[in-house]
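Single-structure report; data block below.
Every read-out reported here was derived from the displayed coordinates using simple, explicitly stated rules and does not represent laboratory data. Everything numeric here is computed off the predicted structure, so don't read it as measured data. When we count neighbours, we look across all protein chains shown, and the Cβ atoms used for this are built from the backbone with ideal geometry, even at glycine.
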Amino acid sequence: MRNVLLACAVGAGVGAVAAPASAGAFEQYGLSYRAFSTPPVGGGSFGVAGAALADGRLVMVTGNSVFLESGVGTGAFDEVAVLDAGKTGGSTDPSFLVVSPSGSRIAVGAGFGKPVAVFDVSALGTKGSPTQLTSGVLADYFAVSHYDAAWYDDRELAISAGDLGSAAYVSMLDTASDTGSPLNEIVVSGISGSSAGVAFDGAGRLFTGNGFADGQGSDTGWIKAFAPAEWAVGADFEAGGTLVGDVLSAGSLEFDAFGNLAVGGGDFGEFDAGYFGVIASNAIANALAGHGPIDEGDPLQLKRLDPRGDGFGYFGAASNGVTGEFYVTDGTTWYATAPTPSGVMVLGAAGLMAWRRRR
């Protein structure tokens, strides 16, 4: 698939800096929050992972179960699928759940030492009749290391990973390859520290970071962007890419429909913690244009949100292209913050498609 990826990269307009669709959303984030509870943490799990489907409902995983929101914004969840216990060891400790750009496929990182499960949204069952996601029948289970992930398209899944004590990296899993011998080539190598989040923008640039520096290179929280022409042939994190900024631990990265980038995690060694970061789309565009990384002290470039209000949060990020919300994830409590003070904004067709391309 490497030749296919390179062809796609060239077609994406390498080096172009796309103008953000709108800057207005950035100013509105954090003016209102809608708090809701996820499904309770399942047996064998320490948390819950989730994302939005194409219709705006949230899908989540915890324990060995997949849950689906009963309606957009209801915060009520029903068990609709059960993962293959023989592959997950009876339970997940989910590191991620991501939905493909078309909204047709789901990938779940089952946790350390466990596989990445990939299945179609159409395989989900209904309330009271959950589907059994049997390996090789309704789901594929890939034995690959993982921390976070982002779909490049409906087939290729970028995965950040790295064993403790060795350099972290981002690989590209071909989810159509043989589960017994998966194609999972490294596209960004040599991260001098631990894995961080991973995301794609509308031009196919891959964004990732250093989750916990080892003192030999980049700092904790460095976020870099790699053009398709770079990552498609294999890029070195320390030597290549464009430095966007140094925010938290880059533990989770998530774009909204307007090109703003949410950043989760926390760098407690530098006392950069306790908030949810949103980087303005125009600040990202300036960095990509060669004007240097963002100024983390400028609130017009980096917005710091703390829905808990106590300064002790260690937040993650998710987004919803239908409602226009960022989700500030905090254990089993999620805070939805929308780019309108009223709390919910429905995007037009153009905005929704732009968000889908970034997923």
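Laid out as a table, the results:
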| read-out | value |
| --- | --- |
| Charge sum, other residues only, whose C-beta stays under 14 Å from LEU68's C-beta, Lys/Arg counted +1 and Asp/Glu -1 | -3 |
| Candidates VAL99, VAL137, VAL328: whichever shows maximal mean-square fluctuation once the chain is modelled as a Gaussian network with Cα springs under 10 Å | VAL137 |
| Net charge contributed by nearby residues that have their C-beta within less than 11 Å of ALA49 (K/R +1, D/E -1) | -2 |
| Part-to-part distance (alpha-carbon centres) for the range 140-189 and the range 260-292, which is given in Å | 25 |
| Cut-off 15 Å between beta-carbons: net charge of the residues surrounding THR242, Lys and Arg +1, Asp and Glu -1 | -3 |
| Mean ellipticity per residue at 222 nm, deg cm²/dmol - from DSSP H runs of n ≥ 4 across the chain, formula -39500 (n - 2.57) | -2500 deg cm²/dmol |
| Candidate lysines for bridging to LYS114, where Cα separation is under 23 Å - those fewer than 8 sequence places away on the same chain excluded | LYS87 |
| Choice from SER100, SER177, SER160 with maximal GNM fluctuation in the chain (Cα, 10 Å cutoff) | SER177 |
| Relative contact order of the chain, defined on C-alpha pairs under 8 angstrom at six or more residues apart (%) | 17 |
| Calculated FRET value between ALA76 and LEU183, using beta carbons and R₀ = 51 Å, to 0.05 | 0.85 |
| Inter-part distance where the range 99-115 and the range 313-329 are each reduced to a Cα centre, Å | 17 |
| Gyration tensor (alpha-carbon) shape descriptor, the chain, a/c threshold 1.5 | rounded |
| Burial ranking of peptide ranges 56-67, 243-254, 262-273 (average Cβ count within 10 Å, highest at the top) | 243-254, 56-67, 262-273 |
